[in-house]
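Structure first, then comments.
Just so it is clear, none of the values below were taken in a lab; they were calculated from the coordinates. This one's a predicted model, so the numbers in the text were calculated from it and none came from an experiment. Cβ sites come from the backbone with ideal geometry, for glycine too, and all protein chains shown count toward neighbours.
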Amino acid sequence: MRIAYFLTHPIQYQSPLIRHLRAGGVDVHVIYGNDATARAYFDKGFGQQLAWDVPLLEGYPSTVLNAEDPKGSSKEQVAHFERQISALLNQKALRRGVGAWLGASLHSGGLATGP
């Protein structure tokens, strides 16, 4: 089975897990809402510029849906990404033989999929 793993953004503790799954033969492809955390960025919660010292996008296939830095509130960003996920899940090519794995910050109740 192939797995499409949906995450809002690259997360420093998820990347090693994804690489481990791939090394174990799991066919996982990550779909990110944005890749802002894969490079230096300003973290509002910490009130400062951050940059991870480990590569977040290496060692596994991934697709970034939004090249621009996220805008709006966290809630608005997640809602926008969930609409994009719904559109992807409604594509027959993606649904056929692909399992969908949603990251913790995504709310499956906000996703609408067809038959």
Problem set entry | Descending semi-axes in whole angstrom, ellipsoid equivalent of region 8-53, from the Cα gyration tensor | 25, 11, 7
Seminar exercise, completed: Normalised per residue, the volume inside the convex hull of the alpha-carbon atoms of region 2-110 in Å³ amounts to 105 Å³
Problem set entry | Per-residue Cβ neighbour rank within 10 angstrom, fewest leading, D53, D27 | D53, D27
For this session: Counting other beta carbons within 10 Å of each Cβ, put H29, H9 in order, fewest first.
Result: H29, H9
Problem set entry | Where a label projected 7 Å from the Cα of Q49 along Cα→Cβ would reach, residues of region 1-39 with amide N under 14 Å | 39
Seminar exercise, completed: Residues meeting the amide H criterion for V28 (H placed from the backbone, H to H distance under 5 Å, 5 or more places apart or on another chain) are I3
